[in-house]
Each structure stands twice: as C-alpha cells, then as structure tokens.
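Computed from the coordinates by the stated procedures, all read-outs in this text should not be read as laboratory data. This structure is a prediction, so every number in the text was calculated from the model and none was measured. FYI the Cβ positions are ideal-geometry reconstructions off the backbone, even for glycines, and counts take in every protein chain you see.
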C-alpha cells in the first residue's frame, strides 16, 4: 500500500487551524477522492478507504452544497477493523468551484473543493467558444482558484486557426496562460506536464468530449479513466460520469469532471470584477455612480465601446453575466426570506397547539 502524508495530499496551515477544533479524540483527517451517492472514497495517511456521513451530519446539513464533494477535507472516525469510516465534520473550504444548479433552482452545485488550479479545456476544432471561456473564468476567479487555459485537438486545425483563437482570447483582455495540446501527436504534452507541482490540486473543466480524461490518462501513463473513440466529425464523446481525484507520479493531484457546456453563474461579483477589470476600470469614470452601462449619458464604458476600445462581444458577455448574477442573488434572497417566514409560521403554530 502506498504511504501518504497529509502534506502530500494538499494539507496546509488553513486546515491545521480548523483541525484543532473539529477533530477531537481519535478522529482522523482525510480528503475526499470520490463521491458515489451516499458513499465517499477517502484518502489519508492510512491510504484509501470508504466512509459514510454520520446521521447527525446528514440531519444538520441544510443543503447538498454543505455535504462533502471531491477535494474536501473531512474529520472521520475509522475503527481499525470496520469496513467503513464515519464522517462527522467537513472542513471550511479554502477554494471552491461551483455553478448554479440546473433548472430554476437558486441553489448552487459544488464541483470541487480546495483546488489550486483549474484548467479550462476547449477543443480548437469544434468547441472553441469565447463567451463560455469567459463564463468559466468568472466562476473560477469567484472561487479563489487560479485559471489556466488549454486548447486541444490541435492536430485537427491549421496553425493559423490556433493562432487566431489565441488572438481572440487576448483581444478579450484574457491574460491567463494559454497552452495547446494534441492527444494524437502528443505535441504540447511535455509542456503541460511541467505545470504540475507536487502537493497541488488541479481540476479539468470543459464540455463533453474535449479530451479531459484522455489528457489525465496521458499524465498518469496508463488508462485510469475510461475514454471513448473520437467520432468521425472530430468531436469527442462523453464518458466521465463522476468527479474523481487522481494522484500523479510526481505528487500532483488532478480532478476530472463530467462535461459541462452550461455553467450558470451564481452571485459572482468578485469573479466578474477579476475577469472584466478593463470594463470596471472604465466604469469608475462614468458620470453616474449607479450606471448600468446600457443607455446612460456620460457612460465611459459605452463611449469606449463606440470607439472600439473594448470588444463588443466582451462587453455583451459582461452585461449578461452581471445581470444573471444579480438575478440569482435576488432570487436567493427572496427564497431565504420565504424560508424564514415559513419557519416563524411553524413556530407560531406549534406554540398555539401547546397553549390549547
């Protein structure tokens, strides 16, 4: 059995301070490597083992986002001869990657926790989408991780197409590192490998079929994740069905993700501020403090747009993302208000029954 240390699994002072309060007695510290419905695959100093959430924790956790996701650190009780451990506490997350839950819900879905770098994967051949890229960047910045960009399937396009796509990224004021890779020729693989550092956690995100699982298999050196043959159009096929923490030989950790073409934002003001710093710098020069940058006189953003100093598509995406974020913040506030009112109604009803 391979031996692990907490430091090799991404442990740091942030969690050390919490451990003093959360993990009293004989409880262990471990990290979530995978989630299978009501079961967790954990990894710690005793290696890999399975665990379940304690009944008390299940009862006290108000939403699914409070329950462990891949990358979380947990406090677990694991008697030596028991098959399953019991998770009692989840550590506060240092960083997180989340998106708005599907449908009309105002809740969010956790994707991964305590990730150092998030690698956004887009295929040069069929999947390149600047608006979606900016959307990913907003949510990554919001969660506190460092974004990286990887363009794949370079063997299916000319060098001119690749150069044009990188130019589009730079024209949108996106300054994050951009790499390129072909899973067929392996060109760019060595450069990608050089970015992974021991003890750091990396998460791959992108649409289905862009090659995320194939990339991880290449990094590991064997097929640890299932992949499918590329279709005749050059478009990959969705395979990954769960998120999983995979350990590389050099000590880095990577998380694969099911494909996500939709990536709804949820209360992402900080992420928008980081990703659209050029527009927000102009906004400080607007005549009105509460300028919406849509039709007000003296709007520095609209003036810059007219002079082609900012890209029109970049501006449109900024407006859409900000409106979407504000909408879900308002919807969430209304939901919480209704929940509080319902809670007060229940307490009042109980008191009336007791007084009868």
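Can you put 292, 5 in order, fewest other beta carbons within 10 Å first?
Numbers: 292 14, 5 10.
Taking fewest neighbouring Cβ atoms as first place, the list is 5, 292.
Compute the length gained on full extension between residue 220 and residue 306: take 0.36 nm times their separation in residues and subtract their Cα-Cα distance, giving the result in nm to one decimal.
26.0 nm
Once a ≥ b ≥ c are taken as the square roots of the eigenvalues of the Cα gyration tensor of the stretch 7-90, is the result rounded (a/c under 1.5), prolate (a/b larger than b/c) or oblate (a/b not larger than b/c)?
Values: a/c = 1.29, a/b = 1.12, b/c = 1.15.
Rounded is the answer for the stretch 7-90, as its axis ratio a/c remains below 1.5.
Express in nm, to one decimal, how much length is gained between residue 38 and residue 319 on full extension, taking 0.36 nm for each residue of separation and deducting their alpha carbon distance.
Working: separation 281, 0.36 × 281 = 101.16 nm, distance 3.95 nm.
Length gained, residue 38 through residue 319: 97.2 nm.
Taking only C-alpha pairs under 8 Å that are 6+ residues apart, what is the relative contact order of the stretch 7-90 in percent?
Computed value for the stretch 7-90: 30 percent relative contact order.
Determine, for 37, 135, the number of other Cβ atoms within 10 Å of each Cβ, and report the residues in order from fewest to most.
Details: 37 6, 135 24.
Fewest to most other Cβ atoms nearby, the residues stand as 37, 135.
When 140, 149, 120 are ordered from fewest to most other Cβ atoms inside 10 Å of their Cβ, what list results? Spell out each step's value before the answer.
Values: 140 28, 149 20, 120 23.
In increasing order of surrounding Cβ atoms, one gets 149, 120, 140.
So if we plug the beta-carbon distance of residue 164 and residue 290 into 1/(1 + (r/R0)^6) with R0 = 56 Å, what FRET efficiency do we get, rounded to 0.05? Let's see the in-between values first.
Values: r = 38 Å, r/R0 = 0.68.
So the FRET efficiency works out to roughly 0.90.
Return the distance in nm (one decimal) between the two label points of a simple spin-label model at residue 281 and residue 5, each offset 7 Å from Cα along Cα→Cβ.
4.3
Treat each spin label as a single point 7 Å out from the Cα along the C-beta direction, and report the residue 92 to residue 178 distance in nm.
The answer from the label model is 3.8 nm.
Expressed as a rounded percentage, what relative contact order does the stretch 64-158 have, with Cα pairs under 8 Å and six or more residues apart?
Over the stretch 64-158, the number comes to 26 percent.
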